[in-house]
Structures are given as C-alpha cells and as structure tokens.
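Read the structure below first, then the notes.
The values are calculated or read from the model by the stated rules, or taken from the named source; none is laboratory data. Computed from a predicted model, the values in this text were never measured in an experiment. Glycine gets a Cβ as well: all are built from the backbone with ideal geometry, and neighbour counts include every protein chain shown.
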Amino acid sequence: MIVWTEDTQRAIDELENGTEGAMKDLYQLILERIDQLIVRVKAINLTKELRTKFITIITVDVHGRDVCQEFKNKTPSIESDSFDWSK
C-alpha cells in the first residue's frame, strides 16, 4: 500500500506538472506487477499460508489497479487535493 500510494501521488504530481500520460503509465506498471505476482504464485509450490499471503497482496493490488483506472479515466481532472484521491 505504501508503494502504491507513493506511486499514485507521484503520478498525480506529474499530471499537475503537465505529464499527460503519467496515470496511464502507472496503470500499466500496476498491471505488470499483478501479472508478475500471479506468475510467481502459479510457478512455485506454496504452503497454504504463503499462498493466502500472496492472494491477499494480489487482492490489494487489484483494488489499487481499479482506483488507478478510475483516476486514469478522470485525467486530467484528478489533483492531489481532490476528494477522489483523499477518499
């Protein structure tokens, strides 16, 4: 969550500074991270507990992906002080 929050804040800051594709780039990065986690989970034999941890991380990342997609669709209206980001 910390990495996602920092990455999203950075993308919002870049948008405010004129980098129009910042949120789209972040969205692609999030998709790549989720794909990498899924590949790892499938590739190795995990204990039930470790598999549950991976699935939890994937679930949190998917939520972050959905929020980022919402922001991406609202670009350029998303700003660091907007209600959407603070909620």
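Descriptive notes on the structure:
- Taking helices (runs of 4 or more DSSP H) as the structural unit, those lying wholly within the chain and holding at least 1 residues that are modelled with pLDDT of 90 or more and touching an Asp or Glu at 6+ places or on another chain (Cβ under 6 Å) correspond to 22-43.
- Hits in the stretch 12-58 - residues which are touching a residue at least 60 places away in the same chain (Cβ under 8 Å) and surrounded by 15 or more Cβ atoms within 10 Å (Cβ to Cβ): ILE12, LEU15
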